[in-house]
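K.L.:
Shown below is the structure under consideration.
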Amino acid sequence: MSIKTKALTKSIWVFHISCGSCNNCDIEILDCFTPRHDIERFGVQLIGSVRHADALLITGAMNRKSVPRMKKIYEQAPKPCVVVAVGQCALSQHMFRYSYNVREPLDEILPVDLYIPGCPPKPEAIIAGITKLVKKINKGK
Amino acid sequence: MKILLNFLVFPGLLTAVCVGLLAGWFDRKISARLQWRVGPPWYQNFIDIAKLFGKETIIPRSSRWTFILSPYLGFLSLVLAATVLGKVMLWPSESFYADIIVILYLLTMPAVSMMIGASSSRNPLASVGASREMKLILGYELPFILSLIAVIIRCQDSIQLGSIINYQASFGSNIFSFSGALAFIAAFFAMQAKLGFAPFDISEAEQEIMGGTLIEYSGPLLAVFKLTKAVLLYTMPLLLICLFMGKDLGWMLLIPKYIGIVLLAVLIKNTNPRIRIDQALRFFWGPVTIMAVISVILAAVGL
Ligand code: SF4
């Protein structure tokens, strides 16, 4: 394992994209940064600009308006960059599956590295997911 | 050779970066503890920098060379300032004539380079950040220079850092006089704004303008900006110590002084919300400038 991947797994800066979620998943993501869970212990930081991102947290069912924008944001992120699908909506379109506005699930659009299920997923689940991601990166690359 | 060694290793680049990154961790840890969190481990900032150097650099369709070179401009001139300052603190007799003015100029370079870089990226939010940074410079430079003038008048009109330190070594620190204390407060606020700490983190407001001036930077160039921030966190408190508490500069007293100043800045940062740019200007040109002017008058009278 090189220094590069080691450093990457110890300091993951996440950028949060909401592609039409009901906002509960977004609130649970913010919960990870509160005193109770404090994910900054692992070097995870929420940042404001995609150019600084190491991981994209995507929530919500992909609708026609948000898909092109999300693709654009993914292209703007500097590589290596992982994509994390948070919440049932992003995983399987959930209850919006037969909606007129929702066409394809997230993993048919972008290469998703990690799925975190739940509606909304608990902060504990998100943290567990991130530790799994770190293990996966360490093994894979 | 010795000069190069000074610039690259001892008071310069390497020391400044290491101490600055540690101070940056101290800032993050104290902030975390104040919010009842645990906070990152001590090597976190080093890892962040290492990671940024391993990432891809994206250069927007813009004026390419200014975008690439401006971070290095700010970083190198700031390291030069750190070197001059560190040498003076170690060997006061080795300072050259008017080095305080040189340091003053070099310390403005990071902000200028940030403005150049932000405006050459052609991002609207970055240009908002750049214009805010520019207004902020106009705000804090005036009281900062005035407080320097107060110190200079107190130390028998000498514009040489070495003799300012020597004066304080024989007549006591500047901060224990009325004019020195007022000037210290003014300079402290200017330092807070230079470091980009809240309540003056207006140009990099994460929530309003997504990182402002840094929005288009990624990878190694962003790392250089982060290193600039770290070196600034090393240089500014040391400069204040040099100007206002220069009585004993042995290691045993220097380190508590440094930690004390950084701690005070972090406490102010964590207990104040961000203010608007017009409020910041009014604050700097109003109370802070008045305080600095009073300190200059008091110093001229001899208090
Ligand atoms: S998964 Fe559930 S909580 Fe999350 S956006 Fe969808 S409906 Fe909302």
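K.L.:
Please give the contour-minus-distance gain from B:L34 to B:D278: 0.36 nm per residue of separation, less the Cα-Cα distance, rounded to one decimal in nm.
P.N.:
Values: separation 244, 0.36 × 244 = 87.84 nm, distance 2.86 nm.
85.0 nm is the gain from fully extending B:L34 to B:D278.
K.L.:
Whats the longest run of chain B with zero chymotrypsin sites (Phe, Trp or Tyr not before Pro) that are DSSP loop and have at most 15 other Cβ atoms within 10 Å? Present the calculation step by step, with values, prior to reporting the outcome.
P.N.:
On the way: sites that count: B:W36, B:W42, B:Y43, B:F96, B:Y97.
Value returned for the longest uninterrupted segment is B:98-303.
K.L.:
So, one more: Hey, got the dipole for the range B:1-112? About the Cα centre, +1 on K and R Cβ, -1 on D and E Cβ, debye to the nearest 20?
P.N.:
Working: 10 positive and 5 negative charges, 84 e Å.
I would put it at about 400 debye.
K.L.:
For the residues A:H16, A:H52, what sequence is obtained by ranking on other C-beta atoms within 10 Å, fewest first? Spell out each step's value before the answer.
P.N.:
Details: A:H16 19, A:H52 23.
Placing the least packed residue first, the sequence is A:H16, A:H52.
K.L.:
Here is a further query. In the protein assembly as shown, if the dipole is taken from +1 on Lys/Arg beta carbons and -1 on Asp/Glu beta carbons about the Cα centre, which of B:W42, B:I294, B:L232 is farthest to the positive end?
P.N.:
B:W42
K.L.:
Radius of gyration and Dmax for chain B's Cα atoms, expressed in Å?
P.N.:
Every Cα atom of chain B included, Rg and Dmax give 18.9, 58 Å.
K.L.:
I need the phi-derived Karplus couplings for the range A:4-12: 6.51 cos²θ - 1.76 cosθ + 1.60, θ = phi - 60°, integer Hz, Gly and Pro marked x.
P.N.:
Using θ = phi - 60°, the values come out as 4, 6, 4, 5, 5, 6, 8, 9, 9 Hz.
K.L.:
First measure r as the distance between the Cβ atoms of B:K135 and B:Q156, then evaluate 1/(1 + (r/R0)^6) with R0 = 35 Å and state the FRET efficiency to the nearest 0.05. Walk me through the numbers before you get to the answer.
P.N.:
Values: r = 36 Å, r/R0 = 1.02.
Between B:K135 and B:Q156 the formula returns 0.50.
K.L.:
Considering only B:V17, B:L303, B:F189, whose Cα is most displaced toward the positive end of the charge dipole of chain B, charges sitting on Cβ of Lys, Arg (+1) and Asp, Glu (-1)?
P.N.:
Toward the positive end, the furthest listed residue is B:V17.
K.L.:
If r is the Cβ-Cβ distance from A:M95 to A:R36 and R0 is 30 Å, what FRET efficiency results, to the nearest 0.05? Can you show the working numbers first?
P.N.:
Details: r = 29 Å, r/R0 = 0.97.
E between A:M95 and A:R36, to the nearest 0.05, is 0.55.
K.L.:
Taking every residue in A:31-43, how many Cβ atoms of other protein chains lie within 10 Å of its Cβ, on average? Walk me through the intermediate numbers first.
P.N.:
Values: counts 0, 0, 2, 3, 5, 2, 1, 7, 1, 9, 7, 3, 8.
Per residue, the number of nearby Cβ atoms from other chains is 4 on average.
K.L.:
OK, next. In the structure shown, do any of B:K229/B:K257; A:K122/B:K226; A:K65/A:K135 have a Cα-Cα gap over 24 Å, and if so which?
P.N.:
Working: B:K229/B:K257 20 Å; A:K122/B:K226 33 Å; A:K65/A:K135 34 Å.
Cα-Cα > 24 Å for A:K122/B:K226; A:K65/A:K135; rest within.
K.L.:
For the range A:1-78, what is the charge dipole size about the Cα centre, in debye to the nearest 20, if Lys and Arg each add +1 at the Cβ and Asp and Glu each add -1 at the Cβ? Could you put the intermediate results ahead of the total?
P.N.:
Values: 11 positive and 7 negative charges, 77 e Å.
Magnitude of the dipole: close to 380 debye.
K.L.:
A follow-up question, please. Going by alpha carbons, how many degrees (0 to 90, nearest 10) lie between the helix axis of A:123-140 and the longest principal axis of chain A?
P.N.:
On a 0 to 90 degree scale, this one is about 60.
K.L.:
Turning to a different aspect of this structure: Using modelled amide H (1.01 Å from N, peptide plane; none on Pro or chain starts), what sits under 5 Å from the amide H of A:V82, excluding residues fewer than 5 places away?
P.N.:
A:A55, A:L56
K.L.:
Could you pull out every one of the aspartates and glutamates with an alpha carbon less than 14 Å from that of A:K10, ignoring same-chain neighbours closer than 8 positions?
P.N.:
Excluding near neighbours in sequence, the set is A:E40, A:D54, B:D48.
K.L.:
Would you please name the GluC sites (Glu not before Pro) within the range B:53-155 that are DSSP coil residues with at most 15 other C-beta atoms within 10 Å of their C-beta?
P.N.:
Those satisfying the criteria are B:E56.
K.L.:
Could you tell me which helices of chain B pass both thresholds, a Cα extent of 20 Å or more along their own axis and a mean Kyte-Doolittle hydropathy of at least 1.6, with helices taken as whole DSSP H runs? Please report the intermediate quantities before stating the final value.
P.N.:
On the way: long enough: B:13-34 (31 Å, 1.05); B:64-90 (40 Å, 1.44); B:99-120 (31 Å, 1.69); B:124-154 (46 Å, 1.17); B:178-195 (26 Å, 1.52); B:219-244 (38 Å, 1.79); B:251-271 (30 Å, 1.57).
Taking the DSSP H segments of chain B (at least 20 Å long, mean hydropathy at least 1.6), we get B:99-120, B:219-244.
K.L.:
For the range A:84-97, in order, what is each residue's ³J(HN,Hα) by Karplus, 6.51 cos²θ - 1.76 cosθ + 1.60 with θ = phi - 60°, in whole Hz (x at glycine and Pro)?
P.N.:
Once θ is set to phi - 60°, the couplings for the range A:84-97 become 10, 8, 10, x, 4, 4, 5, 6, 9, 6, 6, 7, 9, 4 Hz.
K.L.:
Once you charge only the Cβ atoms, +1 for Lys and Arg and -1 for Asp and Glu, what is the size of the charge dipole of chain B about its Cα centre, to the nearest 20 debye? Intermediate values should be presented prior to the final figure.
P.N.:
Values: 23 positive and 15 negative charges, 99 e Å.
In debye, rounded to 20, chain B gives about 480.
K.L.:
Hey, another quick one. Under the definition of partner shielding as Cβ atoms of other protein chains within 10 Å of a residue Cβ, what is the mean value for peptide A:10-17?
P.N.:
Numbers: counts 9, 11, 1, 4, 0, 1, 0, 0.
That works out to 3 on average.
K.L.:
Could you pull out every one of the lysines with an alpha carbon less than 17 Å from that of B:K135, ignoring same-chain neighbours closer than 8 positions?
P.N.:
B:K194
K.L.:
Farthest toward the dipole's positive end in the range B:120-213, which of B:Y167, B:F200, B:T213, given Cβ charges of +1 (Lys, Arg) and -1 (Asp, Glu) about the Cα centre?
P.N.:
B:Y167
K.L.:
What number does chain A give for Rg over Rh if you use C-alpha atoms and the Kirkwood radius? Could you put the intermediate results ahead of the total?
P.N.:
On the way: Rg = 14.5 Å, Rh = 15.2 Å.
Rg/Rh for chain A comes to 0.95.
Readers should treat all values here as calculations from the given coordinates under stated rules, not as data from a laboratory. In this text, all values refer to a predicted model and were calculated from it rather than measured experimentally. No Cβ is skipped: glycine too gets one built from the backbone with ideal geometry, and neighbour counts run over all protein chains shown.
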